[in-house]
Amino acid sequence: MTQAVPMTEIWRGDILESMHSGHAVVCNVEGDIVEAWGDPDAIVLPRSSSKMIQALPLVESGAADAAGLTEQHLAMACASHNGSKIHNDLVNNWLAAQGFGDDDLICGPQEPRDIAVRDDLIRCNDPVCRVHNNCSGKHTGFLTLSKHLGAGANYVDMDHPVQKAVLAAHEELTQETSPGYGIDGCSAPNHASTLKGMARAMAFYASAREGQGTRETAAARLRTAMAKHPEYVAGEGRACTNLMRAMGHSVAIKTGAEAYFIAILPEQKLGVALKIIDGGTRAAENAIAAVLAKLGVLDPANPEAAKYLDAPIRNWDGLQTGMMRAAPALR
């Protein structure tokens, strides 16, 4: 099958009002497809779902250890965070420890997703900073690696040693030559791959164990950091954080813009890549939850899972008017 398949249904009463379609792939450590929906060879930009690949050179090079980075730092290097106090404080302290400041980040200023932090900025007439950008952890990781390599300040340039290392990691783990790249919302290059390639890369992270080798150790450390500290990967109220907690911190998952999602399942040694083709984030959250439940790592009865599976849709008066649920292919 090469066409996208229905993955998420939106019901209003007894009427199917709309539907989101997509592609998803599950791969094992050998790189074989265990299960697939839609087109495993669809070429897509993984956006922020690739952040653990972008962070791999930071750890593999020794830069993370040289800088004394903790698991929380590594989780933040893979994060699309809310700009909450815990995120901003960690990034500010990390920058300062490396001799950098907000202006050294190339990600651009972004209004915090955390409403309380945003409102405090407004009340105090403080500027929105680059630290508040959801990708500031990744960029601080880039800066740390660049310093370790003795490279220049423009760490997002494709010819910069940081980005050369990122591309090499991407192609080696996906086992594909990337057909191209786009510039992400944070100004960093984002490399395209097939869904199958990304699932294969995530299976590598799932099977990696510390002590197996430099790359495997780095991948295992990043995966563990994400799963153990989901509040740093996203933040309160976010699907990544909620679902990783619901799975007992045993599985790492990561969203990406335009409805991409990955999952890393260490016990099963499986990797998952998923894309909703219309870019609908709500559908990607529903679909990844359904896949995780189907693979036996997410209990559908968990209250956090219920926010995304068979989730009620309510109107402004709190009346339930419908439901979002997985399409039959994912049940």
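Within the stretch 109-136, the set of residues being over 19 Å from the mean Cα position of the chain (by Cα), touching a residue at least 12 places away in the same chain (Cβ under 8 Å) and outside any helix (DSSP H, G or I) comprises PRO109, GLU111, PRO127, VAL128, CYS129. The condition of being over 21 Å from the mean Cα position of the chain (by Cα) and open to solvent by less than 30 Å² (accessible area, probe 1.4 Å) holds for only one of HIS170, HIS160, HIS148, that being HIS160.
Could you count how many residues in the stretch 102-153 are of a type in the set (S, T, N, Q) and at positive phi? Residues flagged as of a type in the set (S, T, N, Q) and at positive phi within the stretch 102-153 amount to 1. Taking the listed residues LEU319, LEU309, LEU295, the one that is crowded, with 18+ Cβ neighbours inside 10 Å and not charged (D, E, K, R) is LEU309, with no other qualifying. Taken together, GLU216, GLU231 contain a single residue that is of a type in the set (D, E, K, R), open to solvent by 20 Å² or more (accessible area, probe 1.4 Å) and under 18 Å from CYS27 (Cα atoms), which is GLU216.
Test ALA227 against the criterion of being of a type outside the set (Val, Ile, Thr), part of a helix (DSSP H, G or I) and over 20 Å from HIS20 (Cα atoms), and give yes or no. In short, yes. Scan PRO6, PRO46, PRO57, PRO40 and give me the residue that is surrounded by fewer than 24 Cβ atoms within 10 Å (Cβ to Cβ), in contact with a helix residue (DSSP H, G or I) (Cβ under 6 Å, 6 or more places away or on another chain) and at pLDDT 95 or above. Criteria check complete, one pass: PRO40. With respect to the numbered conditions (1) more than 18 Å from ARG282 (Cα to Cα); (2) surrounded by fewer than 24 Cβ atoms within 10 Å (Cβ to Cβ); (3) touching a helix residue (DSSP H, G or I) at 6+ places or on another chain (Cβ under 6 Å); (4) not basic (Lys, Arg), which one is the sole condition not fulfilled by LEU74? In the conditions (1) more than 18 Å from ARG282 (Cα to Cα); (2) surrounded by fewer than 24 Cβ atoms within 10 Å (Cβ to Cβ); (3) touching a helix residue (DSSP H, G or I) at 6+ places or on another chain (Cβ under 6 Å); (4) not basic (Lys, Arg), LEU74 misses (2) alone. For the stretch 137-144, the condition holds for no residue, the condition being that it is without any contact (Cβ under 8 Å) to a residue 24 or more places away in the chain and either part of a helix (DSSP H, G or I) or aliphatic (A, V, I, L, M) (or both). Highlighted here are the strands (runs of 3 or more DSSP E) found entirely within the stretch 1-108 that include at least 1 residues which are among the basic types (Lys, Arg) and over 23 Å from the mean Cα position of the chain (by Cα): 5-12.
The values are calculated or read from the model by the stated rules, or taken from the named source; none is laboratory data. Note that the structure is predicted; figures quoted are calculated from it, not measured. FYI the Cβ positions are ideal-geometry reconstructions off the backbone, even for glycines, and counts take in every protein chain you see. The area values use the complete protein model at the heavy-atom level, side chains included, leaving out ligands, DNA and RNA. Shrake-Rupley method; radii C 1.70, N 1.55, O 1.52, S 1.80 Å.
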